[in-house]
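Chemist: Just passing along the structure, written as structure tokens.
The values are calculated or read from the model by the stated rules, or taken from the named source; none is laboratory data. Please read all numbers here as calculations on a predicted model, not as lab measurements. So basically every Cβ, Gly included, is an ideal-geometry build from the backbone, and we count neighbours across all protein chains shown. The area values use the complete protein model at the heavy-atom level, side chains included, leaving out ligands, DNA and RNA. Shrake-Rupley method; radii C 1.70, N 1.55, O 1.52, S 1.80 Å.
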Amino acid sequence: MTGRGTPLRGGLPSGHAALAFAGWMAATYIVNDSHRFVVSALTFIMALLVAQTRVESGVHSALEVAYGGALGALVTLSVFQLL
């Protein structure tokens, strides 16, 4: 959208962050109730670490990572709600 890079190489949104937060949302929905909090917390921390490394390495800005994370989580949430 910004004409700078591609989603996986410095564009808007961050594809890595989108996939990481999509994985977090999917793991939260897939795991049974007894371990949901632990698995969700661990995968969320991992998604945050992916987002942090994208910003620290200078590949994406914080805004691009935030858009990617929100997009990945919302699309996955929508898919699980529809199915």
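Chemist: Within segment 54-75, track down each residue that is open to solvent by less than 50 Å² (accessible area, probe 1.4 Å), outside any loop (DSSP other than H, G, I, E, B) and of a type outside the set (Gly, Ala, Ser).
Modeler: Matches in segment 54-75: 54, 64, 65.
Chemist: Would you be able to tell me the number of residues in segment 25-53 that are surrounded by fewer than 18 Cβ atoms within 10 Å (Cβ to Cβ) and free of Cβ contacts under 8 Å to residues at least 40 places away in the same chain?
Modeler: The total comes to 19.
Chemist: So, in segment 7-53, of the ones that are of a type in the set (Ser, Thr, Tyr) and assigned to a helix (DSSP H, G or I), which residue ends up farthest from residue 64 (Cα to Cα)?
Modeler: Selected residue: 29.
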